[in-house]
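This report concerns only the one structure given below.
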Amino acid sequence: MAEKKATTKKTETKKDTKKVAPVKDDVKKQAPAPAAKPKAAAAPAQVGSTIKQEPRIGVFVCHCGTNIAGSMDIPAVQEYASTLPGVEYVDNYQYMCSTPGQSKIDKAIHDHKLTGIVVAACSPRLHEPTFRTATKEGGLNPFRFEMANIREQNSWVHMHDREGSTDKAKDAVRIAVAKAKLLQDLYPKTVPVEKSAMVVGAGVAGMQAALDLAAAGIKTYLVEADTSIGGRMSQLDKTFPTLDCSQCILTPKMVDVGRDQNIELYTWSEIEAVEGYIGNFDVTIRKKARGVLTPKEAAARGIVGGGCNGCGDCDAVCPVVKPNDFEVGMKPRKAIYINHPQVVPLIYTIDFNSCIKCGLCVTACGSEKRAIDLESKDEFIKVKVGTAILATGYDIFPIEKKEEWGYKKYENVITSLEFERLICASGPTGGHLVRPSDGQTPKKVAFVLCAGSRDNTGTGKPYCSRFCCMYSLKHAHQIIEKIPGCVPYLFYMDIRSFGKMYEEFYYRIQDEGAKFIRGRVANILEDPKTKNLHVHADDTLLDRPIDLDVDLVVLAAAIQPKADTNRTRKLFGVSCSMDGWLLEAHPKLNPCGTTTAGVFLAGVCQAPKDIPDTVASAEGAASAASIPIHKGEVELEPYFASCIEERCAGCGMCVNLCPYSALSLVEKEGRKVMQVTEAKCKGCGTCGGFCPGGAIWMNHFTTPQIVAQIDAFLLGGEQ
Amino acid sequence: MSAPGNFAIPERGPGIWQPKIQGIVCNWCSYAGADLAGGGRIQYPPDIRIVRVMCTGRIDALFVLKAFADGADGVLVSGCHFGDCHYLEGNYKAAKRMFMVKRLMKSIGLDDRRFRMTFVSASEGAKWGAVVTDVVNVVRELGPSPITEFNK
């Protein structure tokens, strides 16, 4: 406390002397600047008269408790800041982001007539908005604020180098002050938001998000790559820990989606192209050739009372037999098919990769419905939406890559998704769990948990897939319940039963007689005669090797992002983390947002989630996506490019560089100059980085500002 | 990290020369990656100073040359991985320009190992630490920039 007081006192004395002394120095420093940049006049109209004013910068150094103060000498940084030309006021505070910290900025702006603010604290990616608001409250334009990152990129990464981090912080403050002196008043552009949204993926996450948006009165386009909605959840039999029938709780939602007036459903469709920005995304949907007309489409072609009614007459006559992907290939389907009887929408689809165009289905469909069009082509539909939610979901990791477990080599080794279909009453065996090799009911079933998850060998996935423990417990319960005398053996590393009522469910399965063996399965070998399997593992609790003879092995395979995720995310400009899951704006405080304004994430595409978490994240994403729409307008950061016309030679190179077609050449006073369409410009600066004449002015990242920062670091040290 | 490089944190202290390294990084990937390195307390040498731009596409070749002219011992430009640019393709355009800078450096007799462009995503905090450490080690080996000598 005493030390702090002393520092403050020192600051005040400094401040007093500063007011007289270094002003001359400032003038000297500033004098050549205007000559070097005649563009100040040519720059956009927003450049206020204040630019000509002598810069008076306030510097605030944050301790962030001991996060920053623990690794560097804050008083030294503050004292150094006070010696910098143009710095009028310096201060420090425990937590600059706190209310007293922010009001220091407000007060200093008024008391010292500051023209720019520098806060040396955490990352601008975290608190820039906070301090911009504080700057605005002090009466300055919010863009007259610059942040020096002395936490994420200093105190936290040089924790044991007090001298090094103090020097680096001094430089960071000097660089920030150099930029702050050249900052200008900027005004965000307000654009209207289209009153519609898009949801990509119609699994339980996408459906929930679409239903919420629709219920909030927002027109929602729901795009699904498969022929029907429902996603992974519709393939499951029961859900843990309540043992609800998955289809029973999902189909009402599916029906609601199909019925909702505000939801426009596009199944068997993909996103082809995305243009625009928050509030105004222009999305092109590719509606893949389906070969079957919906009643609506039939009506549009003048076929009264026509279109597919799901009768299945075509299915009965189709001569082409293919494996049904919905049943994980364990049941046949025809070339014209539906996934399962409860599909929404109930419209058949022709698989044109296997259709032989014999025309039998056309005849079977008859002259009234005339639903089948064997010549149908992909259609492209353009829609305009304000916000978008990605809910692209997951695939099963190709577990045959873990060769030691023999999936696809031994018939009686199956994945958990195959188990779900086999135990499901609507599945290929009518709910009778059988061994694929001989159709017999198994009596001993081994479950291999963490199959490909928590795997640091490079073959599998390093992360926990999060719901395999719980569904394997559920599988154990199901076989105990359905097959008297059948014993499940669970080979586990840890049982992660983290959710509400999950641990209780784990105890229940233990009591029901499931056997738990703590050990990773080393390999599985098949007895060629009986097709039984030998599971080899180390029981790490009993500290002895195990060779267990079982009838069936179920691999709780890891999950990975859906195959098409990468293509879709790039269309929407969303990043991904190292394992391919889509990257949220902040892992804790903005898990549904992305770094692309107006694009949100729901469900497993962000990271593995069980159904409750998936639905919660979908509701969160829907709520976040509806905010800009209900507000009706959004502010775009004013980092636009503009042309300094007297320098522009009209070469047009920038026009070709711009990825958004925001630039064009126009005739002005008898010569060609570049012109920016601000609404299209996203402020990347690619044009400004190339312009051979230096004729492009990038707001907030101007060439003089960047050069001043470089000079401040490399030339300013000796001041 | 399997990539080649020297990832040992160099010693610091009185009498040991410390290079001045100018970093210019994009806001969306590498700056976020550097922030993540902070969150993860990944330790690396403090010889780099960062200028943040929205996209590496903003980086004029002259910024890099200005840094060298001002006496930087090394320059690191870092952006998103190809195909991951927040602005679609700014990093491709930046990379092209940076190749040009490297060629120019070679022809004026400035060791082009003093300049590097890397691709560090927002989820690669550890990679950021490794990249900076390696850049610092390489520049340390090369010694002070000859331009500093000219300027004297």
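The numbers here are math on the coordinates, done by the rules we state, and not lab data. Since the model is a prediction, treat every value here as computed from it, not as a measurement. A quick note on method: Cβ atoms are made from the backbone with ideal geometry, for glycine too, and the neighbour counts reach across all protein chains shown.
Cross-link reach is defined here as a Cα-Cα straight distance under 13 Å, omitting same-chain residues fewer than 8 places apart; for residue A:253 the aspartates and glutamates meeting it are A:212.
For chain A, what does the helix formula give at 222 nm: sum of -39500 (n - 2.57) over DSSP H segments with n ≥ 4, over the residue count, nearest 500 deg cm²/dmol?
The helix-only estimate for chain A comes to -9500 deg cm²/dmol at 222 nm.
Across peptide A:678-686, the mean count of Cβ atoms from other chains lying within 10 Å of each residue's own Cβ comes to 6. A cut-off under 12 angstrom between Cβ atoms defines the neighbours of residue A:288, and their net charge, with Lys, Arg +1 and Asp, Glu -1, is -3. The residue among A:614, A:186, A:571 whose Cα reaches farthest toward the positive pole of the charge dipole of the protein assembly as shown, with charges on the beta-carbon of Lys, Arg, Asp and Glu, is A:186.
Residue by residue along B:57-68, Cβ atoms of other protein chains within 10 Å of the local Cβ number 6 on average.
Going from the fewest other Cβ atoms within 10 Å to the most, the residues A:333, A:518 appear in the order A:518, A:333. Would you mind checking the pairs A:401/A:443; A:443/A:482; A:170/B:20 and listing those with alpha carbons more than 23 angstrom apart? Beyond 23 Å between Cα atoms: A:401/A:443.
Given the protein assembly as shown, what percent of its DSSP beta bridges are antiparallel, to the nearest 5?
Numbers: 54 of 120 bridges.
Taking every DSSP beta bridge with both residues in the protein assembly as shown, the antiparallel ones total about 45 percent.
With Kirkwood's inverse mean 1/r over C-alpha pairs for Rh, give me the Rg to Rh ratio of chain A, two decimals please.
Working: Rg = 32.2 Å, Rh = 30.0 Å.
In chain A, Rg relative to Rh is 1.07.
What FRET efficiency comes out for residue A:163 versus residue B:106 if R0 is 45 angstrom and r is the Cβ-Cβ distance? Round to the nearest 0.05. Here the calculated transfer efficiency is 0.80.
In chain B the Cα-Cα distances spread across 5 Å bins starting at 0 as 2, 10, 19, 22, 21, 15, 7, 2, 0, 0 percent of all pairs. Positive-end ranking of A:308, A:343, A:710 along the dipole of chain A, with charges on Cβ about the Cα centre, is headed by A:710. Remark: spin-label model distance residue A:520-residue A:363 equals 6.0 nm, labels positioned 7 Å along the Cα→Cβ axis.
Among the listed pairs A:334/A:377; A:189/A:570; A:668/B:102; A:189/B:102, give every one whose C-alpha distance is greater than 30 Å.
Working: A:334/A:377 20 Å; A:189/A:570 26 Å; A:668/B:102 38 Å; A:189/B:102 39 Å.
Pairs exceeding 30 Å: A:668/B:102; A:189/B:102.
Using a simple spin-label model with pseudo-atoms 7 Å out from Cα toward Cβ, residue B:89 and residue A:98 lie 5.1 nm apart. Geometric descriptor of the stretch A:641-698, per residue, is 65 Å³ (volume of the convex hull of the Cα atoms).
With a Förster radius of 56 Å, plug the Cβ-Cβ distance of residue A:653 and residue A:356 into 1/(1 + (r/R0)^6) and report the FRET value to the nearest 0.05. Walk me through the numbers before you get to the answer.
On the way: r = 54 Å, r/R0 = 0.96.
Efficiency, rounded to the nearest 0.05: 0.55.
Taking each residue as 0.36 nm, the span from residue A:586 to residue A:400 lengthens on full extension beyond its C-alpha to C-alpha distance by 63.5 nm.
When 1/r is averaged over all different Cα pairs and the result inverted, which Kirkwood radius in Å belongs to the stretch A:289-377? Can you show the working numbers first?
Details: mean 1/r = 0.0764 Å⁻¹.
Evaluated on the stretch A:289-377, it is 13.1 Å.
The three principal axes of the C-alpha atoms in the stretch A:387-453 carry coordinate ranges of 52, 32, 17 Å, sorted with the longest axis first. Only Lys, Arg, Asp and Glu carry charge here, each on its Cβ (+1 for the first two, -1 for the last two); on that basis the protein assembly as shown has a dipole of about 2100 debye about its Cα centre. Note on B:42, A:389, A:263, B:48: ascending count of other Cβ atoms within 10 Å places them as B:42, A:263, B:48, A:389, the fewest first.
For the stretch A:414-458, no residue has its backbone nitrogen under 12 Å from a point 7 Å from the Cα of residue A:243, taken along Cα to Cβ. Taking other C-beta atoms within 10 angstrom as a stand-in for reagent exposure, A:435, A:370 fall in the order A:370, A:435, fewest first. Computed over all pairs of different Cα atoms, the Kirkwood value for the hydrodynamic radius of the stretch A:564-630 is 12.0 Å.
Given R₀ = 51 Å, what would the calculated FRET efficiency be for residue A:185 paired with residue A:216, taking r from the Cβ atoms and rounding to 0.05?
Details: r = 37 Å, r/R0 = 0.72.
The value I calculate is 0.90.
Using a cut-off of 27 Å between Cα atoms, the listed pairs A:219/B:93; A:382/A:588; A:631/A:680; A:288/A:562; A:357/A:384; A:357/A:409 include A:219/B:93; A:382/A:588; A:357/A:384; A:357/A:409 as exceeding that distance. With the simple model of a label 7 Å out from the Cα in the direction of the Cβ, residue A:382 to residue A:432 spans 5.7 nm.
Enter the angle in degrees (range 0 to 90, nearest 10) between the Cα long axis of helix A:99-112 and the first principal axis of the Cα atoms of chain A, meaning the one along which they spread out most. Computed tilt is about 30 degrees.
For the stretch B:1-30, chymotrypsin sites (Phe, Trp or Tyr not before Pro) are listed when DSSP marks them as loop and at most 12 other Cβ atoms sit within 10 Å of their Cβ; the list is B:17.
Tell me the angle of helix A:2-20 to the major Cα principal axis of chain A, expressed in degrees between 0 and 90 and rounded to the nearest ten. Long axis of A:2-20 versus the principal axis of chain A: about 50 degrees.
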